[in-house]
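Notes follow once the structure below has been shown.
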Amino acid sequence: MNTLLLKVNPADPELDIIRTAADIIRRGGTVAFPTETVYGLGADALNPEAVKRIYEAKGRPLDNPIIVHVSSREMLEQVAADIPALAWRLISKFWPGPLTLVLRRSPKLPEVTVAGLDTVAVRMPRHRVALMLIEESGRPIAAPSANLSGSPSPTRAEHVVKDLYGRVDAILDGGETEIGLESTVLSLVDDVPTMLRPGGITLEQLRSEIGEVRLHPAVLAEEEMERIIARSPGMKYRHYAPKAELIIVHGDSARVKKKTRELIEEYSEKGLRVGVLYLGRTGYGLRDEISLGDADDLRTVARNLFASIRELDAKGVDVIITEGVEERGLGLAIMNRLKKASGGRIVRV
Ligand code: TXA
Ligand code: MG
């Protein structure tokens, strides 16, 4: 398949480029595009053949439903039904932005988009390219992250090219994404609003807006995701997994540094090539080490996380040792992605 590469200005997208991409969506094709969280791989959410092409391109299991992206409240009402007052409150506060709401679905949506569920996950992205693409297509756009199933979500067009070139119709290159982690997924179809995936909007932000919010146990789980009875089908897959084995070292920062040093030595002695993702300015003097940012600047850590894992993977390291962050604010989402990538290998110190 020929993949069209289209550079676009993220601050002020060129209309002719967006229209080229929107035409592809309207004709049932697939287009990767930047959002404020990560790159998505989009297709017309109302066209089952088009949505099937997303699953094929990613190698995504058909029982994992896809987030539907909208650009207006009218479009939301085309895809969701019985929208509760709580949803409207969250929408006026956090949309456009990195909050995905699970709602009752409209019968108009094809089964394949929602993997046969009676609910739909919807969000309105804040990125201008994403919003314009949806508007110009005039269709709600179904879009999972634009990576091959199982690899880290793409935060740069080059990541998308690496995973999906030749497998999709077009890639809109709008530079690096701002948040770097996927959206928060909040279910509003249970008695109590339940966070299924932490992300760009924090638990603290949601609680201060609507009061009680439950954290789905799988979010914190350190066991293999497959062992957890998941409400969100996506929870059971080992996402974001690098080729290298990933190990998290978590706890008091001085002890983390000491333990990390010990582990580097232990693995190196075994003849393994070790890479490290560390916090702050001072590393370990390794060739393959990257600073994620300061421990008290989690926005930067979140923005760098997936790209840094990809970078170490590309260098061919056998083991990636990562310093963990506190599970507060954005730290909850960062640790959730790290735990998934590590398959639960955490050393607590
Ligand atoms: O930031 C994001 O959310 C990015 C950008 C492109 O918008 N998209 C993204 O999509 O991360 P994806 O497919 O990689 O993750 C969607 C998650 C999956 O865990 C999926 O199982 C869950 O949302 N999900 C989708 N529909 C659902 C539903 N009806 N009920 C529960 N969970 C749902
Ligand atoms: Mg994904």
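The table below gives the values:
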read-out	value
Projected label distance in nm at residue 258 and residue 62, using a 7 Å step from Cα toward the beta-carbon	5.5 nm
Ordering of 252-265, 176-189 by packing [mean C-beta count within 10 Å, highest first]	176-189, 252-265
Computed FRET value (nearest 0.05) for residue 158 with residue 89, which takes r as the C-beta separation and R₀ as 35 Å	0.35
Average Cα contact separation per residue, region 245-348, under 8 Å, 6 or more apart, as relative contact order %	39 percent
Residue 105 long-range amide H proximity, modeled H, under 5 Å	81, 119, 120
Mean residue ellipticity (222 nm) of the chain, computed from DSSP H runs ≥ 4 via -39,500 (n - 2.57), nearest 500	-10000 deg cm²/dmol
Kirkwood Rh in Å, taken over the chain so that all alpha-carbon pairs contribute	20.4 Å
Violating pairs (Cα-Cα greater than 21 angstrom) within the set 270/339; 243/340; 270/340; 93/339; 243/339; 7/315	270/339; 270/340; 93/339; 7/315
Under the Karplus curve 6.51 cos²θ - 1.76 cosθ + 1.60, θ = phi - 60°, whole-Hz ³J(HN,Hα) for region 154-171, x wherever Gly or Pro sits	x, 10, 9, 4, 5, 5, 5, 4, 4, 7, 10, 4, x, 10, 10, 6, 8, 10
Distance (nanometres) between label positions extended 7 Å along Cα→Cβ at residue 26 and residue 7	2.7 nm
HN-Hα J in Hz across region 323-337 - Karplus 6.51, -1.76, 1.60, θ = phi - 60°, x for Gly and Pro	6, x, 10, 5, 7, 10, x, 5, x, 5, 5, 4, 5, 4, 5
Estimated FRET transfer efficiency when R0 is 25 angstrom, pair residue 269-residue 315 (beta carbons, to 0.05)	0.80
Electrostatic dipole magnitude of region 245-348 [Cβ: Lys, Arg +1; Asp, Glu -1; Cα centre; debye, to 20]	180 debye
Table column - 3J(HN,Hα) (Hz), region 172-180, Karplus curve with 6.51, -1.76, 1.60, x for Gly and Pro	8, 9, x, x, 6, 7, 6, 8, x
Anchor residue 108: aspartates and glutamates whose Cα lies under 15 Å away (excluding residues fewer than 8 positions away in-chain)	44, 49, 74, 77, 82, 118
DSSP bridge pairs, the chain: antiparallel proportion in percent, nearest 5	40 percent
Separation of alpha-carbon centers, region 75-136 and region 138-211, rounded to whole Å	13 Å
With Cα atoms, 0 to 90° folded angle of helix 298-315 axis to the chain main axis	70 degrees
Spatial separation of Cα centroids for region 289-337 and region 23-58, in angstrom	28 Å
Pairwise FRET efficiency - residue 135 versus residue 300, Cβ, R0 = 41 Å, nearest 0.05	0.85
Angle in degrees between helix 15-26 and the longest Cα principal axis of the chain, rounded to the nearest 10	80 degrees
Built amide H within the under 5 Å cut-off of residue 249, gap 5+	322, 323, 324, 347
Rough spin-label spacing in nm, given labels placed 7 Å along Cα→Cβ, for residue 210 and residue 326	2.7 nm
Cα-based helix-to-principal-axis angle, 85-94 vs the chain, degrees rounded to 10	60 degrees
Taking the chain and dividing mean pair separation by its residue count, relative contact order in percent (alpha carbons under 8 Å, at least six apart)	19 percent
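Any read-out appearing in this document is the output of simple, stated calculations on the displayed coordinates, not a laboratory observation. This structure is a prediction, so every number in the text was calculated from the model and none was measured. All Cβ positions, even for glycine, are placed from backbone atoms using ideal geometry, and neighbour counts span all protein chains on display.
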